[in-house]
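Input: a single structure, listed below in structure tokens.
Read the figures in this text as sums done on the coordinates, not as results from a lab. Since this is a predicted model, take the numbers as computed values, not measurements. Every residue, glycine as well, gets a Cβ built from its backbone with ideal geometry; the counts of neighbours run over all protein chains shown.
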Amino acid sequence: MIHRHCLEALNKTLSDILFDGSDTSTHGLFGGKTLLEGGDFRQILPVIPQGSKKDIISASICNSSLWQHFRIFTLTTNMGLKRDNLNPDEKEGLQQFAICFQDVYDDFSLKFNELDNLKERAIVTPYNETFDQINWYALDLTPGESRTYLNSDALCKSSQGTIYDNLVHSPELLNGLRLPGIPDHELNLKVGCVVMLLRNVNQAAGLFNARRLVITQMAQNVVEGKFLGEGDNGEKVFIPRITFTVKDKKWDFDINRRQFPLRLSYALIS
């Protein structure tokens, strides 16, 4: 969901560009153009870094002066069930999925390592907390011994000052930071678990951002996996540790975090 200021800026911009004194149809909102928006306030709220509940609600478009001019249409029919090529069994399957999303991974304990089964399944959630809970639960159900990989955090050389700066920004402090799009301090994996790449490692070899894989072997400094997706033939690839450089304007320092560019991917963030 966009910030209400973006919507208001679009309204002013289109009104300035499309305004025609002789054409009354351009005198309305958005220069007289019809604007269609989609979303759910209960799931997709504006992202306000370090913002409070009040800040997030205030940024919602329903608090804009433009909101009173919108008409709300509610979707009530599952159009996936209206397709002509679905047989009764397929319709029933879609209906059950819509009602009970928690049953996406049926017979997980038996099919946890079946590539054809896993590549067709993922749980989509808008919440980071739910995303973590689903992935941790799936990892716990996966048979085998878990291996924990700890990252290495340090200040960038350009951010290093006196010895006191290094004492204030200790490794313990840096390790505790949860950074968007960056692996956490602890990465727990098992053979057979589903993961997603967080960076372009080797595009020529198919190792690009958001590619899903299944872990097949784990070593100290490299992880082996198989591609998971339509058309993939189970080719094995190796993923090394890489260094992530994190810059944020709210900090007076930059961070180098060295870790595998992976995170569990039984659930996906919408």
With +1 on the Cβ of every Lys and Arg and -1 on the Cβ of every Asp and Glu, and nothing else charged, how large is the dipole of region 4-69 about its Cα centre, in debye rounded to the nearest 20?
340
With the convex hull built on the alpha-carbon atoms of region 4-69, volume per residue in Å³ sits at 87
